[in-house]
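Okay, so here's the structure we're looking at.
The values are calculated or read from the model by the stated rules, or taken from the named source; none is laboratory data. Everything numeric here is computed off the predicted structure, so don't read it as measured data. A quick note on method: Cβ atoms are made from the backbone with ideal geometry, for glycine too, and the neighbour counts reach across all protein chains shown. Remember, those area values only see protein heavy atoms, side chains included, never the ligands or the DNA or RNA. Shrake-Rupley method; radii C 1.70, N 1.55, O 1.52, S 1.80 Å.
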Amino acid sequence: MFAVIKTGGKQYKVAKDDVLVVEKLAAEAGDTIQFNDVLMLGGEGDVTVGSPFVDGAGVQAEVVGATRGPKLINLKRRRRKHSSRRKKGHRQDLTQVKVTDILSSGADASGVKAALGAGSVSVAAVAAAAPAEKPTKAEKPAKAAKAEEAPAIEASKPANLLDAPEGDADELNKITGVGPKLLEKLNANGIFHFRQIAEWTDAEVAYIDEQLSFKGRIARDGWIDQAKQFAAEANDETE
């Protein structure tokens, strides 16, 4: 009796006591495994062809051990005068098994561990696991819970906005993140000096964030601390 099985993307014709080498399996030497993807069964003149697999059929085998395929050389070279050359070797991980039995029926109830490729174990484990339920509000991470509990800051228009600069406008583009576009928006909103930015409260920062359409940038880039530093330097220069 013979069978044609599929494993590791390849097909093998096997009979009892055959020893074959297949793509690496998630099994150790001495384990008994069962190939459930049987494409064809034959023996004593009868042939059964699966569609695509033969129902209830299986091929049991004992794992002899792990081995590796022949060394393959991968050589890449660019066709240039000063070219680079890369040479890599590879040996495929394989598993050697010995066929112990061919079952024409009842393989699905044999209880023998299925032969799975080493790369398929995690996928199979995930598929077998029950789908996790969505966490309730109480089970959400503490960080998310704190974010939900944090009160929203009510925006407030800064009280120190100006219609025009008092003297020469400061070089606000010294502040990290302030480019030509943001400088233009700051001036359009009546902001010309470092001291104005240095005096903002959290509520006023929230208001300016909305005007600039870059929510969080002021706090993220530390505009207020930078503005205080530049304003102090400007005062030192005038003195």
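Miscellaneous remarks
- Residue-by-residue Karplus 3J(HN,Hα) for segment 191-198, coefficients 6.51, -1.76, 1.60, Hz, glycine and proline x: 10, 10, 10, 4, 4, 5, 5, 4
- 5 angstrom amide H check on LEU116, placed H, neighbours 5+ away: ALA26
- Segment 167-209 - charge dipole about Cα centre, Lys and Arg +1 at Cβ, Asp and Glu -1, debye rounded to 20: 140
- Distance between segment 186-221 and segment 9-75 - C-alpha centres, whole angstrom: 69
- Accessible surface of segment 1-77, 1.4 Å probe, proportion on carbon and sulfur as whole %: 48
- Ranked from largest to smallest solvent-accessible area, with a 1.4 Å probe on the protein heavy atoms, LYS98, LYS228 come out as LYS228, LYS98.
- Unit charges on C-beta of K, R, D, E only; dipole of segment 194-236, Debye: 120
- Here segment 1-121 is treated with +1 on each Lys and Arg Cβ and -1 on each Asp and Glu Cβ, and its dipole about the Cα centre works out to around 2300 debye.
- For LYS98, a cut-off of 17 angstrom between C-alpha atoms picks up these aspartates and glutamates, skipping any fewer than 8 places away in its own chain: ASP17, ASP18, GLU23, GLU28, ASP31, ASP37, GLU62.
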